[in-house]
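Undergrad: Sharing a structure with you now.
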Amino acid sequence: MTEPFSPDFLARREFLALAGAAGAAATVAPTVATAAANAPAGFVNQMNFKDTKWNRDAYARLQGNLDFTKTRYGHYFGAVLGVAPNERVREICGFEGFSATRLLPLEDGSYRKVLRETVFYRDPSSGKLLDEWKNPWSGEVVKVVSVANDPFNITIGEYYPDPPSYGGLNKEKPPKVPMLLPWRLVGDNTLALTTDIHLYYPNALQPDKWPRESSGKMAQVSEMFRFLIRLEDMQNPKMTSVPYQGTWNRVTPWLPWMLLGDKPGNVLYVGNMTAYDSLKYIPDDIIKYTEQNMPKYLEAPDKDYGPSLSSIEHYAREQQPAPVKK
């Protein structure tokens, strides 16, 4: 799972109403603006939607843990849908994975989020992890290639970070915008947060070299994140990480291992997401497979390195083009 970078601001009237509602909630349940014992000096807990430092620290507590000695584990699972023209949408497999994240403090008060992440694919009927998959359009049985991204790092600060460069393929450089996230108060005790990213950049799998894996010269990718957070958790100064429930959706070209080439259509991931401070809630089969085959993914990095690549760029670096069918 890559991370959101594009701001999606509330209308001014709605934003001011939200800030006022949050202020009222804070009056009912006052908080102490002091940091938890293991949080960094300068940690901002007093909720203020128009304060970039509060937004920085609130988002960091969702994405990682302000106790820099600890690993935060993201968990995501759901269905992979095949969307092709002139036919119904198909559920072609399931997916489940996790990320291991650590926050590293930077001199300006920002945090470098460093992580490793995996996605495994499941049989939609049995739930078993897939190593082969029968393509419903071609009838071909293909090898499944799981996602294993190491690393995928971003900086969480007072400004929205630049979009990912994917090893220099994406050259978009939008202007710096203060990070004021589109929080929304739902009911009396729930915060909702929406963060999306929409990208269009040169495909690492160019069709002249990867005729069966490539969807075309450009990659069109979107990710949509929805967070639901208990207001009292976000206001709790003792919590260096904040629990949430939410959804994660991704629109992406056909996965290269499906060997669908430039067939019209795309893949849609529809999933749930959450995060924990331990691995005990991650399914046993995923933990066992990771221990046996890729144990480093059970721990977050302890330093910043790169480049940060998505599964498409990793595929181009680690796999070989499939033979062209005659």
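Undergrad: Positive end of the dipole of the chain, charges at C-beta (+1 Lys, Arg; -1 Asp, Glu), about the Cα centre: which of Asn86, Leu130, Tyr289 has its Cα farthest in that direction?
TA: Among Asn86, Leu130, Tyr289, the one farthest towards the positive end of the dipole of the chain is Asn86.
Undergrad: Follow-up. What residue among Pro256, Leu115, Thr155 has its Cα farthest toward the positive end of the dipole of segment 12-318, where the charges are +1 on Lys, Arg and -1 on Asp, Glu, each on the Cβ?
TA: Thr155
Undergrad: If you put +1 on each Lys and Arg Cβ and -1 on each Asp and Glu Cβ, how big is the dipole of the chain around its Cα centre, in Debye rounded to 20?
TA: 380 debye
Undergrad: How much of the calculated P(r) for the chain lies past 29 Å, in percent of all Cα pairs?
TA: 40 percent
Undergrad: Just to confirm my numbers, what's the Cα centroid distance between segment 299-326 and segment 82-108 in Å?
TA: Using only Cα atoms to place each centre, the spacing works out to 15 Å.
Undergrad: Once you have a ≥ b ≥ c as the square roots of the Cα gyration tensor eigenvalues for segment 75-182, tell me rounded if a/c is under 1.5, and otherwise prolate or oblate according to whether a/b is larger than b/c.
TA: Since a/c reaches 1.5 and a/b is larger than b/c, the shape of segment 75-182 is classed as prolate.
Undergrad: Take the alpha carbon gyration tensor of segment 108-158, find the square roots of its eigenvalues, order them as a ≥ b ≥ c, and report rounded if a/c is under 1.5; if not, report prolate when a/b exceeds b/c, else oblate.
TA: Working: a/c = 4.06, a/b = 3.33, b/c = 1.22.
In terms of gyration-tensor shape, prolate.
Undergrad: On to the next question. Quickly estimate the mean residue ellipticity at 222 nm for the chain, helices only: each DSSP H run with n ≥ 4 gives -39500 (n - 2.57), and the total goes over all residues, rounded to 500.
TA: Mean residue ellipticity, 222 nm, calculated: -4500 deg cm²/dmol.
Undergrad: Nearest 10 degrees, 0 to 90: what angle lies between the long axis of helix 52-63 and the longest principal axis of the chain (Cα atoms)?
TA: 50 degrees
Undergrad: Treat every Asp and Glu Cβ in segment 186-326 as -1 and every Lys and Arg Cβ as +1, leave all other atoms uncharged, and give the resulting dipole magnitude about the Cα centre to the nearest 20 debye.
TA: My answer is approximately 620 debye.
Undergrad: How high is the FRET efficiency from Thr194 to Glu140, r the C-beta distance, R0 51 Å, rounded to 0.05?
TA: My answer for the efficiency is 0.85.
Undergrad: Hey, what angle do you get for helix 284-293 against the long axis of the chain, alpha-carbon based, 0 to 90 degrees rounded to 10?
TA: 70 degrees
Undergrad: Among Asp123, Asp57, Asp196, which one moves the most in a GNM of the chain with springs linking Cα atoms closer than 10 Å?
TA: Judging by the Gaussian network model, the answer is Asp123.
Undergrad: Could I ask something else about it? Size of the dipole of segment 86-144 about the Cα centre, Lys and Arg at +1 and Asp and Glu at -1 on the beta carbon, nothing else charged, in debye to 20? Display every interim value, and only then the final one.
TA: Details: 10 positive and 10 negative charges, 16 e Å.
In debye, rounded to 20, segment 86-144 gives about 80.
Undergrad: When the chain is treated as a GNM, springs tying every alpha-carbon pair under 10 Å, which of Ala100, Ala58, Ala41 comes out with the largest mean-square fluctuation?
TA: Ala41
Undergrad: Under the definition of Cα pairs under 8 Å and six or more residues apart, what whole-number percent is the relative contact order of segment 172-232?
TA: Over segment 172-232, the number comes to 36 percent.
Undergrad: Moving to a separate point now. For a protection proxy built on the mean count of beta-carbon atoms within 10 angstrom, sort 233-245, 126-138 highest first, please.
TA: Values: 233-245: 18.5, 126-138: 13.3.
Listed from highest to lowest mean packing, they are 233-245, 126-138.
Quick note: the coordinates plus some simple rules give every number you see, no bench work behind them. All values derive from a computational prediction rather than experimental measurement. Note that we place each Cβ from the backbone using ideal geometry, even for glycine, and neighbour counts take in every protein chain shown.
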